[in-house]
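The values are calculated or read from the model by the stated rules, or taken from the named source; none is laboratory data. What you are looking at is a predicted structure, and each value in this text was computed from that prediction instead of being measured. Using ideal geometry, Cβ is built from the backbone for each residue, glycine included, and neighbour counts are taken over all protein chains shown. Ligands, DNA and RNA are stripped out before the accessible areas are found, and what is left, the full protein with its side chains, is counted by its heavy atoms. Shrake-Rupley method; radii C 1.70, N 1.55, O 1.52, S 1.80 Å.
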Amino acid sequence: MPTVDDFHANPSFHAQHSPMGAFFSFTCGRFGSRGGMAAQRGRPANQDLFIGVKDGSRTGPGMLKCLPFFDQADKAARVADAAAQAYLVEQARAESDPAKKPPKVAAYGREQIRRRYGWATDAWTTEDFQFMVYTPFGEILDPHGASPGEMRRALLPAVLARLTIDNSAGKSVRTGFFAIGFHDSGLRILDEGLGEGRTGFAQGRTLGVAGRVIDGSGRQTAGEDGAGGAFAFMRWSPDGGLEDRDNPVHLLGGCPGIGFEVPPGQVRTLELALGCHLEEIVTTRLEGRYLYTRYFGGLTDVLGAAFDESPRIVRHCAALDRQLAESKLNLDQRFLLAHATRSYYGSTQLLDMGGEPYWIVNEGEYVMINTLDLSVDQLFWELRHNPWVVRNLLDNFVRFYSYHDQVKVPGGDPCSPGGDAPSPGGDSLSPGGITFCHDQGKDNQFAPLGHSSYELTDLDGCFSHMSQEQLCNWILLAAGYVAATGDSAWARSQATVIRGCLLSMQNRDDPDPSRRIGITRRDSSRCGRGAEITTYDSLDHSLAQTRNNLYIAVKDWASYLGLVLLLEKIGDADAASDAIASAKLAQETIVGQMTSEGWIPAVFEPGNPGHDSRILPAIEGLVYPLFWARQPHASQASRWIDADGPFGALIAALRRHATTLLSNPARGDSANRFADGGVRLSSTSKNSWMSKIGLALHVCRTLFHLDENGAEQPSPGPGGWTSADSAHTAWQTEGASAYWACSDQIVSGVAQGSKYYPRIVTTVLWMDE
C-alpha cells in the first residue's frame, strides 16, 4: 500500500523538484500552465510539458492523451476520447502538415487525475499511466571531510522521474512519451555519451533529459532504434515527432522528447533523469562555480549518474515519505512541510569559491543572495541536515558583509555625549558597533562588500536598513549552531565578533549602562534621515518599525540569551553576566507594557499608529531558547523557558498575550484570524507570512499548549489547528500560489509576494512537536 494518500485539496498546483545546492528546478503540476526545467531562475520555466500515452504504436493515428501541464490545457481538458475534436497548443503546428492542422494532443480532466504528494515523491495517476517525480534530500556533507564519491552522491544535480504504463491486460501496443515544448533555442539530441539503450535531449550544455526503459524488476530493456527501448524525437509538436519514424528528429523543431512502446501483456517504465551542469564561473565580484563541477565532468555524466543512483534514490524517497506519513502531523501540515521542502531546495546553491565551499540560499522570486532574515528562519532545517552550512554562512557574513556603524540619538536626548557630530537627520551620533547586511547581492551578482542589494538610506519603509534585526539574526544563528554542535573551536575563532555583538546590542539601547532598558531604541546611522525596519518590511508600523517594537524587543531578549551561550562557550563569564543582565532588563521593559486587556502593544510609543496593533510575532523570539533547550550543548536554556525560571514573568506575559489574540471571537479587521481561519499576524494589516506563522504555531503548541482558539490543549502536539491548517493549504494551492509553487507573503489569503520561496521550512519544527 502507498504511504502517501491521495491529495485532499486542490491538486492543480506547481511544485518545484530540485536537487540540493544546484539552483535548478523541474517545476510542474498546475493544470493549464507551463513549467519545466530552469537553472538560476527565480520563477517557473516557460515550457510546455507533454507527458502521456497514445493507443497503438508510435506511428499510429491515435490521439495523444497528456497530463494538463501545458498552456491552455485546462481549456481543452476532456474525457480522452479519440473521437473528440478538442485540440490545443495553438503555438505548435506540425511543420509537415500543409493544412496547418493543430496537433493531436488532448489533456486529461481534473476528475481523471489523482495526485499523491509525499515528502520526496510527487505522483499523478490516470487510468492509463502513472508519472512520478523523485526528489531526494538529506545530508550535504562538508566537502572538507567527505570523499569524492560521497560528494558526488550528495550533490548530484538531477532529479529522477518515472512514467509507467501497465499494458498487462491490453490487446495491442501502447506508446508512452515525455516531451518538452521549448520557447528558447539551442536544442539538441543526446545521441552519444549516455550508453546503450539510453537517449535524451538537451538545451545547450546546461539542461538535459535522458531516458531509458526498465521492466518491472528495474532492469533496463535492450534495444536499438526504439525496438524495446527508448527513442528520441524532435519536431514542432510531440505527435509530429512520434508519427514520423523516418524523420523523428528535425533540428529546427522546438519540441524534443523521448518515447517508448509497451507491448500487450507487459508493464514498462520510462525512467527519466532531468539534470543540469553549469561548468563556468557563475557569480561576479566574488567569483564561484558550482561545487558539483568538481565531481561531474559534464551533462551526460550527471544524467548517467542519476540512472546509476536510481535504486538508492527510489528507496531513499520512499523512506522520507514514510517518515512524514508516520509523523503526528495532519494532512495539511504534512503538505505544508513537503511543499516548503521542495521550494527551499529550489533556491539553494553550493559554490566553489577559490577552492572553498560557499553556501547560498537565494530569496525565491527576488533571487537575493543569503538574505539574513531568511537564514535565521532556515536555521532549524539546516541544523537538522547540514550544520556546517550554518557555520559557512556565519563566517562569510563576518568576512564579507559585516560593517561598523554609529547610532542616531534624537536631539536633546540626555545620552548624547557632547561633541558628537550631527547626523544627516539633524540628530547626534553615538557609538554603535558591528552589525550585518540584509543580504549579499542579487541574481548571482555579489553586492559591494559591506553593503547589501536591498538597503538604501533616507527611507522609513521598504528598502531601508535592518541593522538591528540582522545583528540579532547573526547572534541567533551562531547560538543555534553552537547549541546543536558544541563547536567551541569555532566560537573561540569568533570571540572578538561575539564580544563586539554584545557591545553593539547594548549601544543600540543606550551607550550609558545606567540608562539601558534592554531593547532597541536607536536607529543606525546608515539610515540617514530615515528609520530602521524589520523583516516585516511591507507591513504597517505594527511590525515594520524596529525602534521600541515588541517583536524586536523579544528578539533582543533572545539575542542576549544567545550571547550568554556563546560567551560561556569562549569562557568569558563577565560578559555572559552582562548579557544576562540586559536580558533581564528586556524582560522588565516588555512585561511593563502589558495592558489591562491582556495584550502588549506592538510599538511602545503611545502616539505611534502601531501602539494599538496586536501582533502574534511577539512570541516569535521564544522559538530560539525553546529550540536551544532541546539541543545537546545548551542545557541551561531549559530554565529560560521555565515558568518558574528567571524569565517566568516574560513567558507568562507572552502566553497571556497569545491567548488574548487567539481567543478573540471576531473574524475581520480587528482580529488575528482571517475569515477563512488562517492566522493573521497583525490585527491592523492583512499581510501574513507563512514562514512566520510556522514559528508562531510551534511556540503556541509546544510551549503554551494552545489551540487555534487560544484554549489549553489537552496534550501538547500539532493538533487543535485544523481550520487554520486547512486555510493555509488553500493559500498555497489556490490563486497565484498555485502557479508560483510556494508563497510566503499572503494578503487576505492570496499570495502577493515572496513567491517561489525557501523560508517556509520553518514548518520542520512541527516534526518535533
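Brief remarks on what is shown
- Using alpha carbons only, the radius of gyration of the range 163-242 set against its Kirkwood radius gives Rg/Rh = 0.98.
- Most to least packed among 345-357, 228-240 [average Cβ atoms within 10 Å]: 228-240, 345-357
- With the gyration tensor restricted to C-alpha atoms of the range 312-361, the semi-axes of the equivalent ellipsoid amount to 29, 15, 8 Å, longest first.
- In summary, the aspartates and glutamates within cross-link reach of LYS584, defined as a Cα separation below 12 angstrom excluding same-chain residues under 8 places away, comprise ASP556.
- Test item: Cα-centred dipole of the range 269-331, Lys/Arg +1 and Asp/Glu -1 on Cβ, debye: 300
- Average accessible area per residue (Å²) across the range 477-616 - probe 1.4 Å, nucleic acids and ligands excluded: 30
- Rounded to the nearest Hz, the phi-derived 3J(HN,Hα) couplings of the range 309-316 under the Karplus curve 6.51 cos²θ - 1.76 cosθ + 1.60 (θ = phi - 60°) are 8, 3, x, 5, 4, 5, 5, 5, where x marks glycine and proline.
- For the range 215-284, the square roots of the Cα gyration tensor eigenvalues, ordered a ≥ b ≥ c, give a/c of at least 1.5 with a/b no greater than b/c, which places it in the oblate category.
- Each residue of the range 114-216 gets 174 Å³ once the volume of the Cα convex hull is shared out per residue.
- Relative contact order of the chain, pairs being alpha-carbon contacts under 8 Å that are 6 or more residues apart, as %: 12
- The Cα center of the range 192-259 and the Cα center of the range 579-636 differ in position by 60 Å.
- Principal axis extents of the Cα atoms in the chain, from largest to smallest and rounded to whole angstrom, are 88, 56, 45.
- Each of ALA491, MET63, HIS451 was placed along the dipole of the chain (beta-carbon charges, centred on the mean Cα), and the one lying farthest toward the positive end is MET63.
- Helical runs (DSSP H, four residues minimum) scored at -39500 (n - 2.57) apiece and divided by the length of the chain put the mean residue ellipticity at 222 nm at -8500 deg cm²/dmol.
- Calculated FRET efficiency for the pair GLU150/ARG529, C-beta based, R₀ 56 Å, to 0.05: 0.60
- Excluding same-chain neighbours fewer than eight residues apart, the aspartates and glutamates reachable from LYS54 by a Cα-Cα span under 12 Å are ASP81, ASP128, ASP239, GLU243, GLU261.
- Lys/Arg +1, Asp/Glu -1 at C-beta; the chain dipole; positive extreme among THR199, MET20, GLY176: GLY176
- Residue-wise HN-Hα couplings along the range 443-455, as the Karplus relation 6.51 cos²θ - 1.76 cosθ + 1.60 with θ = phi - 60° gives them from phi, are 6, 6, 10, 5, 6, x, 4, x, 9, 9, 7, 8, 7 Hz; Gly and Pro carry x.
- Alpha-carbon spread of the range 718-769, three principal axes, descending order, Å: 30, 22, 15
- The chain - charge dipole about Cα centre, Lys and Arg +1 at Cβ, Asp and Glu -1, debye rounded to 20: 920
- Gyration tensor verdict on the range 630-693 (Cα atoms; rounded if a/c is under 1.5, prolate if a/b is larger than b/c, oblate otherwise): prolate
- Once the Kirkwood radius over Cα pairs is known for the range 557-643, the Stokes-Einstein relation at 25 °C and 0.890 mPa s delivers a diffusion coefficient of 171 µm²/s.
- Among the listed pairs LYS65/LYS171; LYS328/LYS442; LYS408/LYS555; LYS328/LYS692; LYS408/LYS569, those beyond 28 Å (Cα-Cα): LYS328/LYS442; LYS408/LYS569
- The range 609-719 pair-distance distribution - Cα-Cα, 5 Å bins, rounded %: 2, 12, 21, 24, 19, 11, 7, 3, 1
- Residue among GLY592, ASN473, VAL409 farthest towards the positive dipole end of the chain, charges placed on Cβ: ASN473
- Label-to-label distance for SER493 and ASP612 is 5.3 nm, based on points extended 7 Å past Cα in the beta-carbon direction.
- Global form of the range 247-370, assessed from the alpha-carbon gyration tensor, a/c cut-off 1.5: oblate
- Whole-number D in µm² s⁻¹ for the range 475-572, Kirkwood Cα-pair radius fed into Stokes-Einstein, 37 °C, 0.692 mPa s: 226
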